[in-house]
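Remarks on the structure that follows.
The values are calculated or read from the model by the stated rules, or taken from the named source; none is laboratory data. For clarity, every value in this text was computed on a predicted model and none was experimentally measured. So basically every Cβ, Gly included, is an ideal-geometry build from the backbone, and we count neighbours across all protein chains shown. The protein model used for the area step is the full one, side chains on, heavy atoms only, and it has no ligands, DNA or RNA in it. Shrake-Rupley method; radii C 1.70, N 1.55, O 1.52, S 1.80 Å.
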There are 2 protein chains.
Amino acid sequence: MARSSSGESVLTRVVRIFESFGPDSPVLTVSEISRRARLPLATVSRMVDEMTRHGLLARDERRRVRIGTRMWELAERASPMLRLRETAVPFMGDLQSVVGHSTQLGVLDGTEVLFVERFTAPGSVVNLTRIAGRMPLNASSSGLVLLAHAPADLRERVVRGPLPAFTDATIVDERTLRATLADVRARGFAFCPGHVHPDATGIAVPVRASGQVVAALGLVVPNDDQAWSLIRPLQLTGLALSRALSTHR
Amino acid sequence: MARSSSGESVLTRVVRIFESFGPDSPVLTVSEISRRARLPLATVSRMVDEMTRHGLLARDERRRVRIGTRMWELAERASPMLRLRETAVPFMGDLQSVVGHSTQLGVLDGTEVLFVERFTAPGSVVNLTRIAGRMPLNASSSGLVLLAHAPADLRERVVRGPLPAFTDATIVDERTLRATLADVRARGFAFCPGHVHPDATGIAVPVRASGQVVAALGLVVPNDDQAWSLIRPLQLTGLALSRALSTHR
């Protein structure tokens with residue numbers, strides 16, 4: 001792979017340019033990219049031009065830069081998430097219309113949960129998840145479900161910490177976490193009142209394809225006495241989605 | 001930008017490797033990528049290794065290659081489509097649950113419609129669209145809506161052809177196309193019985209954000225006497241979605 005004088009490959013620089021964009025910064029100037037990616041302005045300027053010609057980036061009328069439609073298309077059309085998301089979306093819609101709260105679908109990626117789809121309704125309780133956003137495995141109900149069913153070596157590594165906290169209720173103690181994971185496996189769901197935000201309860205269930213856990217389906221509901229009553233609807237939706245994913249098409 | 005001995009930039013080769021993947025070929029061997037991207041095996045092998053280290057590609061247990069989760073995440077989290085899709089999905093779910101047919105959301109990209117979201121139900125009529133798939137503007141109802149509201153110079157360019165045909169009903173005549181576009185603007189929808197497939201009728205309406213057409217919302221229904229009755233539900237969903245997109249949040 002061709003390298004710059006600093007010994008860094010072109011690809012490394014391309015990835016650093018992509019990484020400067022995020023949900024809170026979808027549009028950036030060349031100088032902002034240069035600062036965030038810690039790359040010289042001239043390098044960024046030249047690379048942004050070439051990436052724009054390929055449609056990986058695009059410029060708006062003020063010459064500010066954003067992720068290109070072509071980049072989205074290349075990533076999406078052959079995405080390993082496409083079938084999972086396409087199958088899950090109608091079930092998530094049903095769930096949201098019946099229970100009236102936010103619902104999201106997360107997959108295990110590295111030592112985090114990556115949210116690949118989310119439905120949110122106006123007036124829903126605070127929900128810190130985002131599409132293509134991440135959360136630590138110990139903190140969220142979806143994370144606990146994915147961790148409970150993760151390979152033993154990954155589970156051991158995560159359980160030993162560090163375990164980041166969002167509230168006083170987040171599980172940050174190794175022993176409690178181990179007990180909770182056993183509980184999630186035995187009961188088939190994770191129930192997390194106030195673990196991410198004091199006002200919200202996260203509930204999550206495993207989603208299986210041909211027996212293997214491939215995702216976690218979650219609800220974020222108000223942290224009150226009613227939250228428990230939503231476990232069964234969520235479990236039924238998780239089972240229905242698992243059945244649809246296990247059908248060969 | 002660093003160039004190989006053939007004078008081709010690293011980025012060009014990266015894009016050609018990405019382009020070898022598609023909805024029908026989400027998993028490829030290194031030799032298949034080499035053949036599809038028309039790049040030497042040794043080059044592909046070296047680049048796939050580096051792209052895998054960055055998470056842009058991933059390998060399965062048989063060392064076959066697919067698009068990486070990280071690539072999806074980078075493209076999605078700052079995607080210009082994210083707010084549009086997130087807002088549209090609940091409305092599309094409502095529409096599908098009420099009318100029981102496939103629904104999709106398309107945006108104008110170059111001289112084609114790019115579908116960014118789709119809901120499909122088991123047993124729906126044949127629907128050739130796909131998430132991250134494309135269609136010519138003259139052929140599909142969503143394309144006609146986007147073309148009717150496109151900038152005049154783009155519209156002129158497309159109208160003059162070539163105009164690809166899918167069936168005998170596809171609009172391939174310049175004069176008919178011009179009249180149809182005026183009609184779509186006047187009536188507020190495109191109605192296309194058999195234009196893409198003899199058994200299916202496409203119907204589409206514009207989706208506006210603060211007055212500007214940003215997408216087309218479409219239904220694919222059986223090509224029969226009942227199809228007309230679905231125009232009004234689709235129009236109402238399009239208006240509701242436009243209202244949601246025009247609310248500042």
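Which pairs turn up if I take residues in the stretch A:21-36 that are in contact (Cβ under 8 Å) with a residue 12 or more places away in the chain and among the aromatic types (Phe, Trp, Tyr) and look for partners that are part of a strand (DSSP E or B) and open to solvent by less than 50 Å² (accessible area, probe 1.4 Å) with beta carbon separation below 9 Å, at least 6 apart in sequence or on another chain?
Listed by first residue and then by second, the contacts come to A:Phe21/A:Leu28; A:Phe21/A:Leu57; A:Phe21/A:Val65; A:Phe21/A:Ile67.
With surrounded by 22 or more Cβ atoms within 10 Å (Cβ to Cβ), among the hydroxyl-bearing types (Ser, Thr, Tyr) and on the phi < 0 side of the Ramachandran plot as the only criterion, which of A:Ser79, A:Ser97 stands out?
Values: A:Ser97 fails: surrounded by 22 or more Cβ atoms within 10 Å (Cβ to Cβ).
That would be A:Ser79, the only listed residue that is surrounded by 22 or more Cβ atoms within 10 Å (Cβ to Cβ), among the hydroxyl-bearing types (Ser, Thr, Tyr) and on the phi < 0 side of the Ramachandran plot.
Please go through the stretch A:167-211 and give me each residue that is of a type in the set (S, T, N, Q) and open to solvent by 40 Å² or more (accessible area, probe 1.4 Å), ordered by number. Please lay out each step first, then the result.
From the stretch A:167-211, those of a type in the set (S, T, N, Q) are A:167, A:170, A:176, A:180, A:201, A:210; that's our starting set.
Of everything in the stretch A:167-211, those that are of a type in the set (S, T, N, Q) and open to solvent by 40 Å² or more (accessible area, probe 1.4 Å) turn out to be A:Thr176, A:Ser210.
Scan the stretch A:27-34 and give yes if some residue there is farther than 26 Å from A:Val214 by Cα, within 9 Å of chain B (Cβ to nearest Cβ) and polar (S, T, N, Q), otherwise no.
no
Name the residues in the stretch B:126-166 that are buried (at least 16 other Cβ atoms within 10 Å of the Cβ), part of a loop (DSSP other than H, G, I, E, B) and touching a residue at least 60 places away in the same chain (Cβ under 8 Å), would you?
Step one: filter the stretch B:126-166 for residues buried (at least 16 other Cβ atoms within 10 Å of the Cβ), giving B:127, B:129-150, B:155, B:158-159, B:163, B:166.
Now narrow it down to the ones that are part of a loop (DSSP other than H, G, I, E, B): B:127, B:129-133, B:137-140, B:149-150, B:163, B:166.
B:Asn127, B:Thr129, B:Arg130, B:Ala132, B:Gly133, B:Ser140, B:His149, listed by residue number.
Go over the candidates B:Val48, B:Val10 one by one and state the one that is over 19 Å from the mean Cα position of the chain (by Cα), farther than 30 Å from A:Gly106 by Cα, among the β-branched types (Val, Ile, Thr) and open to solvent by less than 60 Å² (accessible area, probe 1.4 Å).
On the way: B:Val48 fails: farther than 30 Å from A:Gly106 by Cα.
Result of the check over B:Val48, B:Val10: B:Val10.
Tell me which of these A:Gly218 doesn't satisfy, since it passes every other one: (1) out of contact with any strand residue (DSSP E or B) (no Cβ under 9 Å at 6 or more places or on another chain); (2) surrounded by 21 or more Cβ atoms within 10 Å (Cβ to Cβ).
(1)
For the stretch A:69-95, give me each residue that is within 7 Å of chain B (Cβ to nearest Cβ), closer than 19 Å to B:Arg16 by Cα and more than 18 Å from the chain's Cα centre (by Cα).
Scanning the stretch A:69-95 gives A:Thr69, A:Met71, A:Glu73, A:Leu74, A:Arg77, A:Ala78.
Just to check your reading of the model, which residue among B:Gln212, B:Gln226 is within 20 Å of the chain's Cα centre (by Cα) and modelled with pLDDT under 95?
Working: B:Gln226 fails: within 20 Å of the chain's Cα centre (by Cα).
It is B:Gln212.
Of these, A:Val98, A:Val48, which one is more than 10 Å from chain B (Cβ to nearest Cβ), in a helix (DSSP H, G or I) and modelled with pLDDT under 90? Give the derivation first.
Details: A:Val48 fails: modelled with pLDDT under 90.
Going through A:Val98, A:Val48 in turn, the sole match is A:Val98.
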